[in-house]
Amino acid sequence: MATERTFSILKPDATRRNLTGKINAVFEEKGLRIVAQRRIQMTQQMAETFYGVHKERPFFKDLVSFMTSGPVVVQVLEGENAVAANREIMGATNPANAAEGTIRKLFAESIEANSVHGSDSPENAATEMAFFFAGHEIVG
Ligand code: UDP
């Protein structure tokens with residue numbers, strides 16, 4: 001097992017309901033350390049670029065509109081196998097399928113407004129971290 005970093009976003013449904021502390025508490029209880037964090041308003045261009053892989057999907061336009069509908073918190077989380085560990089902590093994309101105790105089971109409103117983003121591979125984690133943070137802003 002190796003210490004690893006992953007990229008995370010607390011989505012607009014989470015900031016709107018003032019849940020950022022509760023969600024961060026779940027990360028910390030499960031052994032992930034928040035080593036970078038910033039609250040931002042995503043622009044349409046940022047959201048379109050960030051979710052570019054989904055550009056042909058039917059939900060793309062609504063997703064961009066949701067992700068720019070309010071502030072988000074961008075984060076880097078560090079821990080043992082952080083990428084896979086965070087995917088488990090988040091739960092399934094659709095909260096209806098998310099396991100008990102996962103963030104999406106606890107907090108998500110819908111398949112779109114599902115409270116958190118987490119990188120799905122170490123390669124994507126590196127790209128996504130670099131999109132939002134300079135190296136010196138990540139302090140482990
Ligand atoms: N999404 C959506 N409708 C869908 C599938 C996904 O609105 O049918 C949104 C949802 O917010 C999800 C994001 O698009 O978190 C990215 O989708 P992905 O399949 O990558 O899921 P994730 O990796 O976030 O679980």
Worksheet item: Out of curiosity, is Ala47 under 20 Å from Phe132 (Cα atoms), in a helix (DSSP H, G or I) and in contact with a helix residue (DSSP H, G or I) (Cβ under 7 Å, 6 or more places away or on another chain)?
Response: yes
Practice prompt. Answer with yes or no whether Ala134 is farther than 19 Å from Leu32 by Cα and more than 16 Å from the ligand (Cβ to nearest atom).
Written response: yes
Discussion item. Taking the condition of being surrounded by fewer than 17 Cβ atoms within 10 Å (Cβ to Cβ), among the charged types (D, E, K, R) and closer than 17 Å to Val73 by Cβ, how many residues in the stretch 10-59 meet it?
Written reply: 7
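Picking from Gln45, Gln41, Gln75, which residue would you name as being more than 12 Å from the ligand (Cβ to nearest atom) and touching a Leu at 6+ places or on another chain (Cβ under 9 Å)? Give the derivation first.
On the way: Gln45 fails: touching a Leu at 6+ places or on another chain (Cβ under 9 Å); Gln41 fails: touching a Leu at 6+ places or on another chain (Cβ under 9 Å).
The unique qualifying residue is Gln75.
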Response to the item:
Taking the stretch 84-114 and keeping only residues that are within 9 Å of the ligand (Cβ to nearest atom), surrounded by 14 or more Cβ atoms within 10 Å (Cβ to Cβ) and within 12 Å of the chain's Cα centre (by Cα), one is left with Arg87, Met90, Gly91, Arg104, Ala113, Asn114
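Bear in mind that the values in this text are calculations on the coordinates, not laboratory data. Only a predicted model underlies this, so the values are computations on that prediction, with no experimental measurement involved. Glycine also receives a Cβ, built like all others from the backbone with ideal geometry; neighbour counts cover every protein chain displayed.
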